[in-house]
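Remarks on the structure that follows.
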Amino acid sequence: MVDPRYSDSMAKLGDEWVPIRPGSDGALIAAIAYVLMNEGLVDQQFVDTHCLGFDEEHMPEGVPAGNSYRAYIMGEGPDKTVKTPQWAETITGYPAEKIIRLAREIGSTKPCCVIQGWGPQRHANGDTMSRSIAMLAILTGNVGIAGGGSGSAESVSQIGFPRMPEGTNPVKTRISFYTWVNAIDDYTQVTAKKMGLRNKEKLDHGIKFLWNSSGNALINQHSDINGTRKILEDESKCECIVVVENRMTASAKFADILLPSVTPLEQDDIIQQGYQVDQSSLLIARKAIEPLFETRSQYDICAALSEKIGKLLGQPDLAAKYTEGRSQLDWVKLLYAQARAKKSELPESFDEASKIGLFKWFPMPQKVAFKAFRDDPAANPLKTPSGKIEIFSKRLWDLNQTWELPEGDAIYAIPVHEKTWEGPCDYEGMKKHPFQLIGHHYKGRAHSSYANIPWLEQVAPQQLWMNEADAAQRGIRHDDMVKVFNDRGAVVVRVKVTPRIMPGVLSLPQGAWYTPDKNGVDQGGCINTLTKTHMTPLAKGNPQHTNLVDVVKI
């Protein structure tokens, strides 16, 4: 497993730990590609027939010579740097001889399955890093075969039961999920060329109303809490914030109107799940107790609002259109009937199904992704402009020429090791803040849910992971209180001194509740007090694992 941290998954499932500096995956993959090319371990037939951009003979028209993937690896591209294992060692911190051995093992194993988690894309260079990891499957020809893969995340096994109807949004303009704060703070900067605005060249006005439900992303789970807080506190910008919540979360504290909602135990629901690779399930969740005090389910809240809004708009039938004459339980029963039409083995009676509660399908039928494309790429093209795997993307090449990007940012047509702010090659930034900081999911909570449960905090306390050598150098001992800080904020947290994280890297479990003291120092240990909102160049996404910080003992 490739991870700066020796995770529990590594301890349970891994044979070998490959610790590299956060954000350096692209350099590791480039060096592996160098070995594969030099030692004849590339599936040349596959990259010739199924891919675009591997070498100069398979490039799209109109692109200058020297921009193929092979040219980049062999130092024939614009940077004139050969991507040797020795070169990668200086960036990743992983020994060159081990990179060579790893490359040979990947190149000589068939099938070889390369799976990336959901962390790589959450770096400043996540756009290119995710594509780089996929190159291991592409170069070795493991795409479209049993036991191989595309180099992406694992598949899921959703049966695809019917869901609640969603309606149609008449507004077609779309912003990146991550740029909502920008659309509040300065909407003039949210344009198609700067922030990937869709279906419109620029916004006509900023966001003036926010509805936040089923999440703690308003503050706690969004980058740069202190910066976001200043924007939300300015009532001349976002004029009304509504939060639907059953706990007084960090986000709930920023509500102009706080609507108390029920917990799962106080409502009827039907839930389908299929995140396991080979198992899917359906849960009939019946109400255990009646809603307490003035709480309502989100469905009942929206039904009541639709009635009042209908009166204001002179549309007395608006509530009926929303509910279609059904209560929440009526909808649950209808969705169950529709599910049973798809899976006849489910009990005929909803009441009988409710007594059983949980239904599982295991193992789910499996299919080999991209097999048809592998067998006949001409007859089964991919949904790319060329119909092939685009190692070189002409669309990305063009976007880099036309989009307005911040200084230092770029959109790369091929998967490269991209140097970024506060990344492993930001040596200037490390003079002030010498540690790279990442986050990780934690066993005591799901994101920020359950972070307020004292029993869970006892068995899984919030702790900063720190390498033994780094701690000794700073006179820090296990369970000491430390302050972690940068120019964006500071948190106070206990430290876990361990050999299970590489030197120079810290990890703070994400999801802890932001709890500032009177000086603005977060006593809850929320990593987003320290993260940055500088979005990724292409996807305009979340770079929350790219941070430089310092740490001192309190």
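The charge dipole of segment 151-218, taken about its Cα centre with unit charges on the Cβ atoms of Lys, Arg (+1), Asp and Glu (-1) only, comes to about 240 debye.
Judged by the gyration tensor of its Cα atoms, with axes a ≥ b ≥ c, segment 427-553 is rounded; a/c sits under the 1.5 cut.
Under 13 Å of direct C-alpha separation, and excluding same-chain neighbours fewer than eight residues apart, Lys540 reaches these aspartates and glutamates: Asp127, Glu404, Asp409.
The distance between label points at Ser236 and Val82 comes to 6.0 nm (points 7 Å beyond Cα on the Cα→Cβ vector).
Would you please give the FRET efficiency between Lys383 and Arg477, computed as 1/(1 + (r/R0)^6) with r the Cβ-Cβ distance and R0 = 45 Å, to the nearest 0.05?
The computed FRET efficiency comes out at 0.25.
Pairs to check: Lys172/Lys230; Lys193/Lys237; Lys308/Lys333; Lys98/Lys419; Lys83/Lys394. Give those whose C-alpha atoms are more than 25 Å from each other in this structure.
Going by Cα-Cα distance, Lys172/Lys230; Lys308/Lys333 fall outside the 25 Å limit.
Taking every C-alpha pair closer than 8 Å and separated by at least 6 residues, the mean separation divided by the residue count of segment 427-553 gives a relative contact order of 34 percent. Considering segment 330-487 at the alpha-carbon level, its Rg and Dmax are found to be 26.4, 68 Å. Packing, taken as the mean count of other beta carbons within 10 Å per residue, orders the peptides 244-257, 156-169 from highest to lowest as 244-257, 156-169. In straight-distance terms, cross-link reach from Lys443 covers every one of the lysines whose alpha-carbon lies under 22 Å from its own, apart from those fewer than eight places away in the same chain; here that gives Lys12, Lys496.
Given the -39500 (n - 2.57) contribution per DSSP H run of 4+ residues, what per-residue ellipticity at 222 nm results for the chain, rounded to the nearest 500 deg cm²/dmol? It would help to have the intermediate numbers written out before the result.
Values: 19 runs with 160 residues, N = 554.
Using -39500 (n - 2.57) per qualifying helix, the result is -8000 deg cm²/dmol.
Over the C-alpha atoms of the chain, the Rg to Rh ratio, Rh being the Kirkwood estimate, stands at 0.98. Taking a Cβ cut-off of under 12 Å around Pro260, the surrounding Lys, Arg, Asp and Glu residues balance to a net charge of -2, with basic ones at +1 and acidic ones at -1. Shown for Asp351, Asp204: other C-beta atoms within 10 Å of each C-beta, ranked fewest to most, produce the order Asp204, Asp351.
Quick check: net charge around Ile99, other residues with Cβ under 14 Å of its Cβ, Lys/Arg +1 and Asp/Glu -1? Here the count lands on -1.
The angle between the Cα long axis of helix 96-108 and the longest principal axis of the Cα atoms of the chain comes to about 80 degrees, rounded to the nearest 10. About its Cα centre, the dipole of the chain is roughly 500 debye, where the only charges are +1 on Lys and Arg Cβ and -1 on Asp and Glu Cβ. Got a sec? Charge dipole of segment 270-417, +1 on Cβ for Lys and Arg, -1 for Asp and Glu; which of Leu399, Phe359, Ala303 is way out at the positive end? In segment 270-417, that residue is Phe359.
The numbers here are math on the coordinates, done by the rules we state, and not lab data. These numbers were taken from a predicted model, which means no experiment stands behind them. Counting neighbours? That spans all protein chains shown, and the Cβs are built from the backbone with ideal geometry, glycine included.
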